[in-house]
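Encoded as C-alpha coordinates, the structure appears first; notes follow it.
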Amino acid sequence: MVRVEAISLDEFFDARKNKPDVLKIDVEGAEYAVLRGMKGLLSETKPRLFLEIHPQTLVHFNTSVEEILSLLIDADYQLFEIEELRNLDPANALRALEKKSVIEYNSMIYAIPNT
(Lines give C-alpha, C1' and ligand atoms only; values in the text may rest on other atoms or scores of the structure.)
Protein backbone atom coordinates (compact mmCIF):
# COMPACT_ATOMS: atom_id res chain seq x y z
CA MET A 1 0.00 0.00 0.00
CA VAL A 2 1.20 3.49 -0.86
CA ARG A 3 -0.16 6.61 0.82
CA VAL A 4 -0.54 9.76 -1.24
CA GLU A 5 -1.65 13.24 -0.33
CA ALA A 6 -5.06 14.14 -1.72
CA ILE A 7 -7.62 16.93 -1.67
CA SER A 8 -11.28 16.96 -2.59
CA LEU A 9 -12.39 18.26 -5.96
CA ASP A 10 -14.32 21.00 -4.15
CA GLU A 11 -11.08 22.17 -2.51
CA PHE A 12 -9.16 21.90 -5.77
CA PHE A 13 -11.66 24.00 -7.74
CA ASP A 14 -12.40 26.50 -4.94
CA ALA A 15 -9.03 28.11 -5.61
CA ARG A 16 -9.69 28.44 -9.35
CA LYS A 17 -11.90 30.77 -11.35
CA ASN A 18 -12.77 28.20 -14.00
CA LYS A 19 -14.99 25.31 -12.98
CA PRO A 20 -15.36 22.11 -15.01
CA ASP A 21 -18.26 21.54 -17.41
CA VAL A 22 -17.46 17.83 -17.77
CA LEU A 23 -15.57 15.39 -15.54
CA LYS A 24 -14.47 11.82 -16.20
CA ILE A 25 -13.98 9.82 -13.02
CA ASP A 26 -12.29 6.41 -12.93
CA VAL A 27 -11.03 5.62 -9.44
CA GLU A 28 -11.32 1.82 -9.20
CA GLY A 29 -13.94 1.62 -6.43
CA ALA A 30 -13.47 4.97 -4.66
CA GLU A 31 -16.28 6.61 -6.66
CA TYR A 32 -18.45 7.43 -3.64
CA ALA A 33 -15.59 9.15 -1.80
CA VAL A 34 -14.81 11.27 -4.87
CA LEU A 35 -18.47 12.25 -5.28
CA ARG A 36 -18.74 13.17 -1.60
CA GLY A 37 -15.70 15.38 -2.06
CA MET A 38 -17.37 17.29 -4.86
CA LYS A 39 -20.82 18.01 -3.39
CA GLY A 40 -20.27 21.73 -3.96
CA LEU A 41 -19.53 21.18 -7.63
CA LEU A 42 -22.54 18.87 -7.96
CA SER A 43 -24.90 21.42 -6.44
CA GLU A 44 -23.46 24.67 -7.83
CA THR A 45 -21.52 24.04 -11.05
CA LYS A 46 -23.37 20.85 -12.03
CA PRO A 47 -20.82 19.38 -14.47
CA ARG A 48 -21.76 16.47 -16.67
CA LEU A 49 -20.08 13.30 -15.47
CA PHE A 50 -18.69 10.17 -17.02
CA LEU A 51 -18.26 7.91 -14.01
CA GLU A 52 -16.81 4.43 -14.29
CA ILE A 53 -18.40 2.17 -11.67
CA HIS A 54 -16.50 -0.83 -10.28
CA PRO A 55 -19.13 -2.83 -8.34
CA GLN A 56 -16.75 -5.59 -7.23
CA THR A 57 -14.33 -3.16 -5.56
CA LEU A 58 -16.90 -0.88 -3.91
CA VAL A 59 -17.09 -3.21 -0.92
CA HIS A 60 -13.43 -2.42 -0.13
CA PHE A 61 -14.50 1.21 0.25
CA ASN A 62 -17.57 0.36 2.39
CA THR A 63 -20.06 1.58 -0.21
CA SER A 64 -22.38 0.29 -2.93
CA VAL A 65 -23.77 1.04 -6.38
CA GLU A 66 -27.05 2.07 -4.76
CA GLU A 67 -25.30 4.69 -2.59
CA ILE A 68 -23.56 6.17 -5.63
CA LEU A 69 -26.75 6.29 -7.70
CA SER A 70 -28.70 7.76 -4.77
CA LEU A 71 -26.12 10.49 -4.16
CA LEU A 72 -26.25 11.59 -7.80
CA ILE A 73 -30.03 11.40 -8.12
CA ASP A 74 -30.42 13.35 -4.84
CA ALA A 75 -28.05 15.96 -6.35
CA ASP A 76 -30.64 16.33 -9.16
CA TYR A 77 -28.89 14.34 -11.89
CA GLN A 78 -30.37 12.02 -14.53
CA LEU A 79 -28.31 8.85 -14.83
CA PHE A 80 -27.69 6.55 -17.76
CA GLU A 81 -25.55 3.48 -18.13
CA ILE A 82 -23.63 3.40 -21.38
CA GLU A 83 -24.27 -0.21 -22.35
CA GLU A 84 -21.96 -2.39 -24.40
CA LEU A 85 -19.32 0.33 -24.35
CA ARG A 86 -17.05 -1.42 -26.82
CA ASN A 87 -19.80 -2.73 -29.13
CA LEU A 88 -21.87 0.41 -29.12
CA ASP A 89 -25.17 0.38 -30.95
CA PRO A 90 -26.11 4.08 -30.99
CA ALA A 91 -29.81 3.30 -31.12
CA ASN A 92 -29.70 1.45 -27.78
CA ALA A 93 -26.61 2.87 -26.12
CA LEU A 94 -28.11 4.39 -22.96
CA ARG A 95 -30.08 2.68 -20.20
CA ALA A 96 -31.82 5.00 -17.74
CA LEU A 97 -30.92 4.33 -14.11
CA GLU A 98 -32.82 4.74 -10.84
CA LYS A 99 -31.66 4.53 -7.23
CA LYS A 100 -32.34 0.79 -7.10
CA SER A 101 -30.86 -0.09 -10.50
CA VAL A 102 -28.51 -3.06 -10.54
CA ILE A 103 -25.04 -2.78 -12.05
CA GLU A 104 -23.08 -6.02 -11.75
CA TYR A 105 -20.01 -5.34 -13.88
CA ASN A 106 -17.67 -2.42 -14.47
CA SER A 107 -19.74 0.11 -16.33
CA MET A 108 -19.70 3.73 -17.48
CA ILE A 109 -22.37 6.03 -16.06
CA TYR A 110 -23.33 9.23 -17.87
CA ALA A 111 -24.77 11.78 -15.42
CA ILE A 112 -26.61 14.82 -16.74
CA PRO A 113 -27.83 17.58 -14.41
CA ASN A 114 -31.55 18.30 -14.56
CA THR A 115 -32.21 21.79 -15.83
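Quick look at the values:
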read-out: Odd one out for LYS100 among (1) modelled with pLDDT of 95 or more; (2) surrounded by fewer than 17 Cβ atoms within 10 Å (Cβ to Cβ); (3) over 16 Å from VAL34 (Cα atoms); value: (1)
read-out: Conditions (1) crowded, with 17+ Cβ neighbours inside 10 Å; (2) of a type outside the set (Val, Ile, Thr); (3) in contact with a Lys or Arg (Cβ under 6 Å, 6 or more places away or on another chain); (4) at pLDDT 95 or above: number failed by ALA75; value: (3)
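The values are calculated or read from the model by the stated rules, or taken from the named source; none is laboratory data. Everything numeric in this text was worked out from a predicted model, so none of it was measured. Note: ideal-geometry Cβ built from the backbone for every residue, glycine included; neighbour counts use all protein chains shown.
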